[in-house]
Amino acid sequence: MPINCNPILTLKNLSARIGRQTILHSVDLEIADGECVAIVGGSGAGKSTLLRCLLGVTRPAQPYAGHMIFDGVETDFTQTTKTTKRPGLAYVPQNPDHGFDPLKRLAWQWRQGARVVVGTSHEAADEDKLVQDLGLRTPDRAFPYEWSRGMQQRLLVAMALLGRPRLLVLDEPTSALDPIIAAQVLETVTTYAKSNGVAILIVTHDLALAVRHASRTAIMSGGKIHEFGETRQLIEDPQTPYGQLLAANRLWCPQGDFIAPSMAAE
Amino acid sequence: MLNIQRLGLSINGQTLLDDVSFTVEPGETLCIVGESGSGKTSLLKSIQGLMPAYFEGISFQGDRQAEIRQKGQWRGPIGMPGSRWVMQDPIAALNPKIPLGQSISESLYRRSMPKMDVDAAVRQALLDVELNPDVATRLPSEVSMGQAQRACLARALIANPSLILFDEPLSALDAVVQKQIAATMKRIQLKYEIMYLIVTHDLGFASAYADQVMVLKNGKVEANQTAADFFHDPASPYCRDLVLAARALGSLSGPAIPSSYERGADV
């Protein structure tokens, strides 16, 4: 994959802590414009904390070192203490239940989303086109539960894309959906992103998913990024023990045993 | 052997399961696959006796219950002795206030077993699930998700079941731990010849561990094939979509189905 030279996001030396416990240890990350990057790691690796820092949510983890350049705007984590808005950055939660208010009609929630991200300068035609691109109909008076989970998830993606973000963050995009719907959602989103030049950051525990979609992958555990490089190269020749463990157990082997028990992950 | 003929379940006039039949032999794994709301969990619940279901016949370990359970009558709980249940979220399945060892041994106290035997049985169950016996004194909040799920497996195992029902046993765990626990499950199955009924979304897991794959859709059986048949020649277009979706997500690799199918791929 060609990495063009203008990165949309550069993260240098980010460290964060909750209370006295350090959660992130000087994390570096770089995402090029229009690129798809995955962060892979087990439970407790610090993936969610990293995301929260990127999104500017400083609770419960408090970043205390490092800086970030996103879309030309620099943020110094040593100084920023309060939550900041990052207009070009959009986030889709893991589970549609976390994204919608179950008691409000979808049309109302859609309007709210549009008002927050676009202000007054949006056009109804743009919205309709976006919704159609993702294979949905314009949200009506239905409540979230009346739509299937796949449709809810895609509507969340549409809401995230309303503000024309430069970077779309997908947190565990497949774990709450069954495989057919998950594959459909991911395929639609990546196609849309490719044709519109939106960069994607996928956060997952499943290396197989990263292999399928991401051009570059970061392997994370214990609050550190162990490896960051082209996905293909990373699964063929992982350099660190944790990377080797993940790469060896990327797929289910037939009636297979667990590979490389030299490093107990539990 | 577990043999179920024409199981049906309807609640408030809504049919959740219709005409479900299958057979599982000792030491075999049946994976139940299907989209959300297709009745997978309802099937497990009605087998365990938590939901009232209709049967034409059911036999379990030679205990022919078919005569008592005639078609068209309300059955009430089946409550099969010798079957145990492992749930999706291990932390929710364990009592947060009592140590793991006590959770595991609870079913033994109902059989009024002396404490020494109980302790030995807990130890053996923990060793079987490849946990250090010392975790018996810990609370669920003090162990990892993977360890908690192993403890749930030990709790099922301590009753010497011949059938264990798993409701998405691995989906709360991360990819590496999933594979470790799946390998443990297989070793236990080989050792004790237990039948496994596993509800799963992960076709990669099914391709590695299932002997039979049953696909449910809207409460009906869409396909019931041996695993080899299912992954090489899916019985219906819907099953083909499932296999293709799993490949699109990367959890299943290789040319598992004839390439002539691929032209219609819309996932």
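Determine the percent antiparallel among the DSSP beta bridges restricted to chain A, to the nearest 5. Each step should come with its number before you reach the end.
Working: 25 of 43 bridges.
Expressed as a percentage, antiparallel bridges in chain A total about 60.
Taking the alpha-carbon distance from B:Lys179 and a cut-off under 19 Å, which lysines remain once sequence neighbours fewer than 8 residues away in the same chain are dropped? Counting by Cα, and skipping residues close in sequence, B:Lys179 has these lysines nearby: B:Lys191. In chain B, the longest principal axis of the Cα atoms and the axis of helix B:100-109 are about 90 degrees apart.
Convex hull volume per residue, computed on the Cα atoms of chain A, equals 146 Å³. About its Cα centre, the range A:89-163 has a charge dipole of approximately 160 debye under the convention of +1 per Lys or Arg Cβ and -1 per Asp or Glu Cβ, with nothing else charged. Counting only other chain Cβ atoms within 10 Å of each residue's Cβ, the peptide B:166-177 averages 5. Counting, for every residue in B:233-242, the Cβ atoms of other protein chains within 10 Å of its Cβ and taking the mean gives 1.
Around A:Arg232, what is the net charge, scoring Lys/Arg as +1 and Asp/Glu as -1 over all other residues with Cβ under 15 Å from its Cβ?
Counting the neighbours of A:Arg232, the net charge comes to -2.
Counting Cβ atoms of other protein chains within 10 Å of each residue's Cβ and taking the mean over peptide A:219-227 gives 0.
When DSSP assigns beta bridges and you keep just the ones with both residues in the protein assembly as shown, what percent turn out antiparallel, to the nearest 5? Restricted to the protein assembly as shown, the bridges split so that about 55 percent are antiparallel.
Of B:Lys186/B:Lys220; A:Lys47/A:Lys224; A:Lys129/A:Lys194, which sit over 19 Å apart, Cα to Cα? List each step's numbers first, then the result.
Working: B:Lys186/B:Lys220 28 Å; A:Lys47/A:Lys224 10 Å; A:Lys129/A:Lys194 16 Å.
Too far apart for the 19 Å limit: B:Lys186/B:Lys220.
What is the log10 of I(q)/I(0) for the range A:31-157, computed with the Debye formula using one identical point scatterer on each Cα and no solvent, at q = 0.12 Å⁻¹? Treating every Cα as an identical point scatterer, log10 I(q)/I(0) equals -0.61.
Within 15 Å, Cβ to Cβ, of B:Phe230, how many net charges do the neighbouring residues add up to if Lys/Arg are +1 and Asp/Glu are -1? Please report the intermediate quantities before stating the final value.
Working: positive: B:Lys217, B:Arg240, B:Arg247; negative: B:Glu28, B:Asp202, B:Asp211, B:Glu222, B:Asp229, B:Asp233, B:Asp241.
Residues close to B:Phe230 contribute a combined charge of -4.
Tell me the net charge near B:Gln212. Cut-off is 12 Å between Cβ atoms, B:Gln212 excluded, with +1 for each Lys or Arg and -1 for each Asp or Glu. Charge balance near B:Gln212 sits at -4.
Along each principal axis, taking the top coordinate minus the bottom one, the Cα set of the range B:79-158 gives 30, 29, 23 Å in descending order. For chain B, modelled as a GNM whose springs connect Cα atoms under 10 angstrom apart, the maximal fluctuation among B:Pro114, B:Pro96, B:Pro133 occurs at B:Pro114. Among all the lysines, which ones have a C-alpha under 25 Å from B:Lys115's C-alpha, if same-chain residues fewer than 8 places away are not counted? List returned: B:Lys97. The alpha carbons of the protein assembly as shown stretch over 74, 51, 46 Å along the principal axes, in descending order.
Label zone of A:Glu230 (point 7 Å out along Cα→Cβ, amide N under 20 Å): in the range A:15-49 this covers A:29-40.
I need the shape label for the range A:89-163. Rule: rounded when a/c is under 1.5, else prolate if a/b > b/c, else oblate, with a, b, c from the alpha carbon gyration tensor. Verdict is rounded for the range A:89-163.
With the contact rule set at Cα under 8 Å and sequence spacing of 6 or more, what percent relative contact order holds for chain A? List each step's numbers first, then the result.
Working: 478 pairs, mean separation 64.3, N = 266.
Worked out over chain A, it gives 24 percent.
Name the residue, out of B:Met214, B:Met185, B:Met195, whose mean-square fluctuation peaks in a Gaussian network model built on chain B with Cα pairs under 10 Å. Taking springs between Cα atoms under 10 Å, the residue moving most is B:Met185.
In terms of overall dimensions, the C-alpha atoms belonging to chain B reach 61, 46, 33 Å along their principal axes, ordered largest to smallest.
Taking the Cα centre of the protein assembly as shown as origin, sum charge times position over the Cβ atoms of Lys and Arg (+1) and Asp and Glu (-1), and report the length of that vector in debye to the nearest 20. Don't jump to the answer; show the numbers that get you there.
Details: 51 positive and 55 negative charges, 268 e Å.
Using only the charged Cβ atoms, the result is roughly 1280 debye.
Between A:Ser175, A:Ser215, A:Ser195, the Gaussian network model of chain A with springs among Cα atoms under 10 angstrom shows the greatest mean-square fluctuation at A:Ser195.
Each value in this text was obtained by applying a stated rule to the coordinates, not by laboratory testing. These numbers come from a predicted model, not from an experiment. Glycine also receives a Cβ, built like all others from the backbone with ideal geometry; neighbour counts cover every protein chain displayed.
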